[in-house]
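Chemist: Take this structure first; my questions come after.
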Amino acid sequence: TTPSYMSLIFTILLIYMLSRILQPLRMASTSASIIHYKARTDEYQGGVKRFPVPDDKVFWNVSWSEYSPVDYTAPPVLKNPVWADPDIRTSPPENPLKFNELDGKINRRSFMGDYTIIDGVPQNPVGRTGMIGRGLLGKWGPNHAADPIVTRWKRDKSGEKILRDGKPVLEFVAVKRKDTGEWALPGGMVEAGDTVSATLKKEFGEEAMNSLEATDEEKKQIKAKIDEMFKQGEQV
């Protein structure tokens, strides 16, 4: 009986090891088929109503002739500020935008891989959202944002970790948005030619440490603290 018992243990261990090896591969193969929800809410910011998209009609490989998305680009974006692309659907630019690559100082590559271009316009790689156009975003295609997640263990006055149900309590920095009143991570859009790390530091200083209203001396102190804190960070 001992050999059979040992064989059973070996089989269980082998299955476990294979599952750990194959799990990332399964996640990678299904990441493109994860249904998104937040980009399908009934109402876009500003009260714009989306065309309703049910779960079974999200993916582009599902035929749906009745799909009639709302076309919306916010008026401030249509005024062509320096941070926004031109409206390439109505007046193609003299220098075509270079999608899926670094376009001068603008990074038009997506972290999800190459995206499809339909009639000269990028197609959302996660599927239908009930809306076309740019909404409040300035760029066609990816609009990169940087959001720092700053955490620490909750401790008592003596410096010992506070436990809840036997587990340490993790705290994180959040800010309350002035426009919606919702709690969010501090962060912002990565400007052309800027780096993610520089954007993280700038946005954290402005939104979490109120650097915009600080004196010059206070700004120096805030910058030094942020530089020191972000030395321990990891970009994901």
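Chemist: Which pairs turn up if I take residues in the stretch 221-232 that are in contact (Cβ under 8 Å) with a residue 24 or more places away in the chain and look for partners that are open to solvent by 50 Å² or more (accessible area, probe 1.4 Å) and in a loop (DSSP other than H, G, I, E, B) with beta carbon separation below 8 Å, at least 6 apart in sequence or on another chain?
Modeler: Ile226/Met209
Chemist: Checking Ala174 against (1) in contact with a Phe, Trp or Tyr (Cβ under 8 Å, 6 or more places away or on another chain); (2) over 30 Å from Ile106 (Cβ atoms); (3) of a type in the set (A, V, I, L, M); (4) open to solvent by less than 60 Å² (accessible area, probe 1.4 Å), which single condition isn't satisfied?
Modeler: Among (1) in contact with a Phe, Trp or Tyr (Cβ under 8 Å, 6 or more places away or on another chain); (2) over 30 Å from Ile106 (Cβ atoms); (3) of a type in the set (A, V, I, L, M); (4) open to solvent by less than 60 Å² (accessible area, probe 1.4 Å), Ala174 violates only (2).
Chemist: Something else about it: Tell me which of these Ser65 doesn't satisfy, since it passes every other one: (1) within 25 Å of Thr180 (Cβ to Cβ); (2) in a loop (DSSP other than H, G, I, E, B); (3) of a type in the set (Ser, Thr, Tyr).
Modeler: (1) is the only condition that Ser65 fails.
Chemist: Can you tell me which residue is nearest to Ile34 (Cα to Cα) among those in the stretch 81-113 that are more than 24 Å from the chain's Cα centre (by Cα) and open to solvent by 50 Å² or more (accessible area, probe 1.4 Å)?
Modeler: Residue satisfying both the conditions and the ranking: Arg89.
Chemist: Could you identify the single residue in Glu234, Glu191, Glu207, Glu203 that is open to solvent by less than 50 Å² (accessible area, probe 1.4 Å) and under 28 Å from Arg109 (Cβ atoms)? Outline the logic, then answer.
Modeler: On the way: Glu234 fails: open to solvent by less than 50 Å² (accessible area, probe 1.4 Å); Glu191 fails: open to solvent by less than 50 Å² (accessible area, probe 1.4 Å); Glu207 fails: open to solvent by less than 50 Å² (accessible area, probe 1.4 Å).
None of the other options fit; the residue is Glu203.
Chemist: Pairs, please: C-beta under 6 Å, at least 6 apart or cross-chain, first residue touching a residue at least 40 places away in the same chain (Cβ under 8 Å) and in the stretch 62-83, second open to solvent by less than 90 Å² (accessible area, probe 1.4 Å) and in a helix (DSSP H, G or I)?
Modeler: Trp64/Lys57
Chemist: I'd like to check something: does the stretch 141-150 contain any residue that is open to solvent by 50 Å² or more (accessible area, probe 1.4 Å) and not in a loop (DSSP other than H, G, I, E, B)? Before the answer, list the steps.
Modeler: Restricting attention to the stretch 141-150, the residues satisfying the condition of being open to solvent by 50 Å² or more (accessible area, probe 1.4 Å) are 145, 147, 149.
Imposing the further condition that a residue be not in a loop (DSSP other than H, G, I, E, B) reduces the set to 145.
Yes - at least one qualifying residue is present in the stretch 141-150.
Results for (1) more than 30 Å from Gln232 (Cα to Cα); (2) touching a residue at least 40 places away in the same chain (Cβ under 8 Å); (3) of a type in the set (Asp, Glu), shown as yes or no for each residue.
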{"residue": "Asp119", "(1), (2), (3)": "yes, no, yes"}
{"residue": "Gln123", "(1), (2), (3)": "yes, yes, no"}
{"residue": "Gly127", "(1), (2), (3)": "yes, yes, no"}
{"residue": "Ile132", "(1), (2), (3)": "yes, yes, no"}
{"residue": "Gly135", "(1), (2), (3)": "yes, yes, no"}
{"residue": "Gly138", "(1), (2), (3)": "yes, yes, no"}
{"residue": "Asn143", "(1), (2), (3)": "no, yes, no"}
{"residue": "Ala146", "(1), (2), (3)": "no, yes, no"}
{"residue": "Trp153", "(1), (2), (3)": "no, no, no"}
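The values are calculated or read from the model by the stated rules, or taken from the named source; none is laboratory data. What you are looking at is a predicted structure, and each value in this text was computed from that prediction instead of being measured. Glycine also receives a Cβ, built like all others from the backbone with ideal geometry; neighbour counts cover every protein chain displayed. Ligands, DNA and RNA are stripped out before the accessible areas are found, and what is left, the full protein with its side chains, is counted by its heavy atoms. Shrake-Rupley method; radii C 1.70, N 1.55, O 1.52, S 1.80 Å.
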